[in-house]
1. I'm told Glu543 meets every condition in (1) closer than 20 Å to Asp415 by Cβ; (2) surrounded by fewer than 17 Cβ atoms within 10 Å (Cβ to Cβ); (3) of a type in the set (Asp, Glu) except one. Can you identify the failing condition by its number?
2. Scanning for something in a helix (DSSP H, G or I), in contact (Cβ under 8 Å) with a residue 12 or more places away in the chain, in contact with a Ser or Thr (Cβ under 9 Å, 6 or more places away or on another chain) and surrounded by fewer than 21 Cβ atoms within 10 Å (Cβ to Cβ), does the range 550-563 turn up at least one residue?
3. Which numbered condition trips up Thr233, out of (1) open to solvent by less than 20 Å² (accessible area, probe 1.4 Å); (2) polar (S, T, N, Q); (3) in contact with a Gly (Cβ under 8 Å, 6 or more places away or on another chain)?
4. Among (1) over 25 Å from Lys494 (Cα atoms); (2) polar (S, T, N, Q); (3) touching a residue at least 12 places away in the same chain (Cβ under 8 Å), where does Ser480 come up short?
5. If we keep just the residues of the range 105-139 that are part of a helix (DSSP H, G or I), among the acidic types (Asp, Glu) and in contact (Cβ under 8 Å) with a residue 12 or more places away in the chain, which is nearest to Ser210 (Cα to Cα)?
6. Would you point out the residue of the range 385-414, among those that are among the charged types (D, E, K, R) and assigned to a helix (DSSP H, G or I), that is nearest to Ala551 (Cα to Cα)?
7. For the range 477-522, how many residues meet the condition of being on the phi > 0 side of the Ramachandran plot and of a type in the set (Ser, Thr, Tyr)?
8. For the range 275-289, give me each residue that is assigned to a helix (DSSP H, G or I) and over 13 Å from Phe379 (Cβ atoms).
Amino acid sequence: MDGASAPSSEKDGLKPIATDLERIARAKANADVQAILRDHHREGLSTLFGFDIQPDLRNSDRYIVYAVQGGLGLPDRDYYTREDADSVALREKYRAHIAAMLRLLGDSKEAADASAHAIVALETRLANASLTRVELRDLDNYYNIQTVAKADEMTPRFSWSGWLAHLGLAKLESFSYAHPKFFAEMDRALDDVPLETWKAYLRWNVLRGSAPYLAERFVEENFDFYGRTLRGTKEMRPRWKRVIDQTSDSLGEALGEVYVERAFTPETKARADAMIADLRGAIHGRISNLEWMGDETKKKALEKLGTFVSKIGYPGTWRDYSSLEIGRASYLANVRAANAFEVRRITRKIGQPIDRGEWAMAPQTVNAYYHPLMNEIVFPAAIMQPPFFDGTMDDAVNYGAMGGVIGHEFMHGFDDQGSRFDAKGNMKSWWTDGDRKRFEERAHKLVEQYDAYVAVGDLHVNGKLTLGENIGDLAGITMSYYALQSALKGKERKEIDGFTPEQRFFLSWAQSWRGNFRPEAIRLRVNSDPHSPSMFRTNGPLENMPEFAKAFGCKEGDPMVRPAAQRADIW
């Protein structure tokens, strides 16, 4: 496949983006810049800022538009604001990368260097007006409903009404103007940043978004920075694997339908349903017996638990891709067609009933999620495979791995953010003040625990950024442990390979998180990912569990036993 497809891309050269570059070159004023931005968004390229269409955080029976901060080429705003030596050096490498890419367009070295400095300066300005990753975990920071007319007043140089009309949403009266500080700075920049800088920025965004699908020189330079430099990846995967991944991203459910036929059996689904029922029972029992939570809050928590919807394997109705045209013009043209299809699909949601059968992941995705506005937990078919699930293994192994995942997603509904949503999926407090305070005090112990972990060099895990996932891990594996105890009732509790069921449970949890990460990849995760690195996802929860200590005979003072005063005991 490499040999069959590469020549076409090489022969095309810049042809797939030639029209974009020519249009940018012709831009004469702010109005031209905005027209290009509008087209980018309609085609699925989120230049300058981002948007999505999701249920209303406070009225989950309707869809609304969320306009959000963005516009950065580095993974996070802190990459632009930190002044330590490593961050400064990385920014210089990023500037050099932009310049190298622009030279591939035919710019002289002097022109490319000047444009790269201007682009990074503009992105730095946007970064300084952006919220941090920790601030973005607070969902209140995504909710700022404004009328379209009011938003237009707040950004006199940028037309929200024009932007929405271009997306086919001219009749929309309001939306979530999520990050006003960012949009105010964006608006000022549209006024005082030179036109030539905006043209350079637009060229860069077209190139950055297109590079993986162009000729090999663009692919390689893109990988050199985003793969080798940022992640420490030494070699690019073969082209055919990258194309399969792109097909999965663009035609997820079409590919998923084939995957499910081959890899997901009714027996697997039945076993998953049984595990979910066991987990639900264990969670009900744990919440009912919490000493720190009052009866009023318990009643609301159990009401929410009772409304959880679980989705296993694949959607009941497959997505219709018949309006998506895939042709032979170029690889990039097909990627763009798929992106534009997705924009059309989500914008059509406005004014429609909530689609509670929709899936946010394709069946072939090895992952799972909790959706707070739908109050649902979703497990694609691909995660119901080893090492997370193996139908030939005993309950202890499957509950330690897949049970931990199921418990994790359940308990996202009760982490520091998910717990702010009620049984109907609305962001609405259902806690008494005293119970909420006690919850936050207990959760803070996890912040302190993970803050102390050193991931690589002198870089610590961010306990506040990872709090929700860490609560999910601790609560999830705890709930799965007690679900296993229920599943083992009346059964012979025999050792296998010299290990008790409890020991096999915890060993399976550890095995499910095995992985190799280069130092650069760990650094990137700590800086930008709400999930802790795998070694801390493995050991961090277990250090808080007396059940783990008992299973392996650990004593107070042992490395895997946190002192009682520091132990996080939440759910």
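1. Result: Glu543 fails condition (2) only.
2. Yes - at least one qualifying residue is present in the range 550-563.
3. (1)
4. For Ser480, the failing item is (1).
5. It comes out as Glu123.
6. Asp395
7. Qualifying residue count for the region: 0.
8. Passing the criteria: Ala277, Asp278, Arg280, Gly281, Ala282, Ile283, His284, Gly285, Arg286, Ile287, Ser288.
The values are calculated or read from the model by the stated rules, or taken from the named source; none is laboratory data. Please read these numbers as outputs of a predicted model, since none were measured by experiment. Here Cβ is always computed from backbone atoms with ideal geometry, including for glycine, and neighbour counts include all displayed protein chains. Accessible surface is based on the protein model in full, side chains and every heavy atom, while ligands, DNA and RNA are left aside. Shrake-Rupley method; radii C 1.70, N 1.55, O 1.52, S 1.80 Å.
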